[in-house]
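All remarks here apply to the structure that follows.
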Amino acid sequence: MTVPSLGVANVTLRPAVVADAEAIRQIYNHEVTTATSTFDLVARSLGDQQRWIADRSGAFSAIVAIGESADGLPVVGFGSLSPYKDRAAYSTTVEDSVYVDRQRAGRGVGTALLTGLVETAAASGFHAVMARIEASGTASRALHVKCGFELVGIERQVGRKFNRWLDVAVMQRLL
């Protein structure tokens, strides 16, 4: 599906395929090694990323945003839905993840991806979408507000990365 979004011409969303693994890995590993947008501490190998994609299916599949990027790879961002918690009573709730190539930040790619994930969650019969965002991640928090999420809490000092304690903002959208 083609999604018109702020400042992005013809961003197309589609399910991720194993052939997207290297582009997704580059975007994700940049966040692992330089930012607190993920609490992962170890960069993914290509094999790790291929398995991550292969393990996703149905409502929990990953999607990619296709557009033009500076490095020539067409994937400019990706997102996924994951089970929120293991216990059965949580089965109607999912958690979203959205990552955008830093060179494409602020151009609507994240909005397109998160909108696509919310639509997928609704079409799959989920009731709530949760986001757990490092609390100082103002761009991620603003993206979620723009897409109808509300802040429902702050978890204090639940993560540690780059030798500092990190808080997590918990955001929610009911469908």
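Derivation of every value follows stated rules applied to the coordinates shown; laboratory data play no part. What you are looking at is a predicted structure, and each value in this text was computed from that prediction instead of being measured. Here the Cβ is made from the backbone with ideal geometry for all residues, glycine too, and neighbour counts use every protein chain on show.
Within segment 25-97, which chymotrypsin sites (Phe, Trp or Tyr not before Pro) sit in a loop by DSSP and count at most 16 neighbouring Cβ atoms inside 10 Å?
Sites meeting the loop and neighbour criteria: 39.
Once you keep just the Cα pairs under 8 angstrom separated by 6 or more residues, what percentage relative contact order results for segment 2-126?
Over segment 2-126, the number comes to 27 percent.
Under the rule that an exposed site lies in a DSSP loop and has at most 13 other Cβ atoms within 10 Å, name the longest stretch of the chain with no trypsin sites (Lys or Arg not before Pro) of that kind, not counting the sites themselves. Before the final figure, lay out the partial values.
Numbers: sites that count: 85, 87.
With a cap of 13 other Cβ atoms within 10 Å, the longest stretch comes to 88-175.
Just to confirm my numbers, what's the Cα centroid distance between segment 131-157 and segment 18-66 in Å?
If you average the Cα positions of each part, the centres end up 21 Å apart.
Using P(r) over Cα pairs in 10 Å bins from 0, in percent as the read-out, say which of (1) 10, 38, 40, 11, 0; (2) 9, 29, 27, 21, 11, 2, 0; (3) 8, 22, 20, 15, 13, 8, 6, 5, 2, 1, 0 was calculated from these coordinates.
Correct label, based on the coordinates given: (1).
Whole-Hz Karplus ³J(HN,Hα) for segment 153-166, in order, using 6.51 cos²θ - 1.76 cosθ + 1.60 and θ = phi - 60°, x for Gly and Pro?
Residue by residue, segment 153-166 yields x, 10, 9, 8, 6, 8, x, 9, 8, 6, 6, 9, 7, 10 Hz.
What is the extension gain from residue 167 to residue 54, computed as 0.36 nm multiplied by their sequence separation minus the C-alpha to C-alpha distance, in nm to one decimal?
Extra length available between residue 167 and residue 54 comes to 37.6 nm.
Using modelled amide H (1.01 Å from N, peptide plane; none on Pro or chain starts), what sits under 5 Å from the amide H of residue 40, excluding residues fewer than 5 places away?
none
Size of the dipole of the chain about the Cα centre, Lys and Arg at +1 and Asp and Glu at -1 on the beta carbon, nothing else charged, in debye to 20? Can you show the working numbers first?
Working: 18 positive and 17 negative charges, 61 e Å.
The calculated dipole for the chain is roughly 300 debye.
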